[in-house]
Amino acid sequence: MRHLLDTRTLSRADAMRILDVAEDMADTQRREVKKLPTLRGKTVVNLFFEDSTRTRISFEAAAKRLSADVINFAAKGSSVSKGESLQDTAQTLQAMGADAVVIRHGASGAPRTLATSGWITAGVVNAGDGTHEHPTQALLDAFTMRKRLYGDDSRGRDLDGFRVAIVGDILHSRVARSNVWLLHTLGADVTLVAPPTLIPQDVSGWPVTIRYDLDEAIAAEPDALMMLRIQLERMNAAYFPTEREYSRRWGLDPARLAALPDGSIVLHPGPMNRGLEISADAADSPRSTVLEQVTNGVSVRMATLYLLLAGEREPQQTTATEEAR
Amino acid sequence: MSARTVLHEADIARALTRISHEILESNRGPDDLVLLGIPTRGVPLAQRIGALIAQFAGTTVPVGALDVTMYRDDLHRNPTRTPHPTEIPAGGIDGKVVVLVDDVLFSGRSIRAALDALQDIGRPAAVRLATLVDRGHRELPIRPDFVGKNLPSARDERVNVRLAEIDDLDEVTIES
């Protein structure tokens, strides 16, 4: 693997490899000494053009546990705020000897541009681009589901027949998009649940079922319910009348939590708006995997960095073959 | 390319029996022993030795697996290796006598990596090394304590260990 840009083009074999290596990484994180010497001498740059705390520190923890050096580059207060282009920023990082660039950018497709432009030879990991994808989040969600389902026996298993309902702001959610493609690749059945205004205009090409009613979705007995954050900063164009109404119709309140079938789990990518899309009862219930997702995020990102950086570097691919893959 | 078989099924069984007796003898019994196989083929070898020791000493000894992939010094020279699970027995390794079990001892670099990996897991009282085949050409000051067969070989020859658990038959061949 040279880059991790999206889950739409991620093959089943590569996805399974990341999840299985993440199992080994998770094992090492239970030890007294959590640090591995594997990426000693490698440099990982966290290039964050959008605010993020948890994703950035998760990548930082992952790189440090593998003994890589980490450089954090936040666009605020950097040369980018003076008008530097992505190309110049990238070439600066290249000149500093970055081996991997973890990029979060407000523009969909920025990581692919970085990976295929020829500006840098480093491996590129997409840590969220616009409303496009956030592949490591989907991988850690899948890892979490598999772990709850199979426990220590997770290696080599996919999510065949597993029913997942993704609830909330699908329209703006890169987490939802990455999950749709990855979960489909792994054999799960995905249902999207949202007000009609928060479903993208054309989802005919997506391997999903659409529902507009959360109670109906819960009655269909999903194995996992993924509650998305209502991104209040993007809610300027009245997608629903009031937060209160959204919460009443699409929020996971205690009554809906109680209606979930036995054994089903509740995921949330965080940060949570308690009382809006998810009630405190749901967030703190034993069904909730929120904290496991954070822990698993480090393991999945360690696996990604390992697979990108540890081996012999594959030759740089041109844009054409990158697309063909 | 010609391959010749240097150990047959019965030879391997005899070698493992002898190694098991030697481990018990040098440790003065089965107390505090922990056997850790190095993936891939060290793991079934450790399990076989564990079963033999249990048979000879009348008590089971903990057997596990120690993956050394993340500690190798040649990762960047090869295509990305997929790690294997590490399984440390419930009692841990602190204060125990750990016997590392590998199929072929060659440069000694895997064992160097294994010693580093052990250090991150705990502090054994002693670490010993058992190998089915020692083919020479050491690049580090590492030597085995228990050897199934010393097999003088040229550096460019290949020594293949096949075990029933993985390869459906027991044999050791040398290819040149």
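What follows is calculated from the coordinates using simple rules that are stated; it is not laboratory data. All figures in this text were calculated on a predicted structure; none of them were measured in a lab. Glycine gets a Cβ as well: all are built from the backbone with ideal geometry, and neighbour counts include every protein chain shown.
Spin-label model, A:Asp152 to B:Thr60: label points 7 Å out along the Cα-to-beta-carbon direction sit 1.2 nm apart. I want the local charge near A:Asn179. Using Cβ-Cβ distances under 10 Å, sum +1 for each Lys or Arg and -1 for each Asp or Glu among the other residues. Value of the local net charge: 0. When the Cα convex hull of the protein assembly as shown is projected onto planes of every orientation, the mean area is 27.1 nm². With Cβ to Cβ distances under 14 Å as the rule, what net charge do the other residues near A:Arg248 carry (K, R +1; D, E -1)? Charge balance near A:Arg248 sits at -3. Classify the stretch B:60-126 from the C-alpha gyration tensor, please: rounded if a/c falls under 1.5, else prolate or oblate depending on whether a/b exceeds b/c. It is prolate, given that a/c is not under 1.5 and a/b is the larger ratio. Cβ under 10 Å from B:Met1's Cβ, B:Met1 left aside: what net charge do those residues give with Lys, Arg +1 and Asp, Glu -1? Once all neighbours under 10 Å are counted, the net charge is 0. Rg/Rh for the stretch A:135-293 (Cα atoms only, Rh after Kirkwood) is 0.93.
Please give the calculated 222 nm ellipticity per residue for the protein assembly as shown, where each DSSP H segment of at least 4 residues contributes -39500 (n - 2.57) and the sum is spread over every residue; nearest 500 deg cm²/dmol?
Result for the protein assembly as shown: -10500 deg cm²/dmol, rounded to the nearest 500.
Sites listed here are GluC sites (Glu not before Pro) in the stretch B:116-174 whose DSSP assignment is loop and whose Cβ has at most 16 other Cβ atoms within 10 Å: B:Glu139, B:Glu157.
Work out the FRET efficiency for B:Thr82 and B:Arg18 from their Cβ-Cβ distance, taking R0 = 35 Å, and round it to the nearest 0.05. After rounding, the FRET efficiency stands at 0.55.
Take every pair of alpha-carbon atoms less than 8 Å apart whose residues are at least six positions apart; their mean separation over the length of chain B yields a relative contact order of 26 percent. Taking label positions 7 Å along the Cα-Cβ direction at both B:Arg123 and B:Asp74, the computed distance is 3.3 nm, reported to one decimal. Mean sequence separation of contacting Cα pairs (under 8 Å, at least six apart), scaled by the length of chain A, corresponds to a relative contact order of 21 percent.
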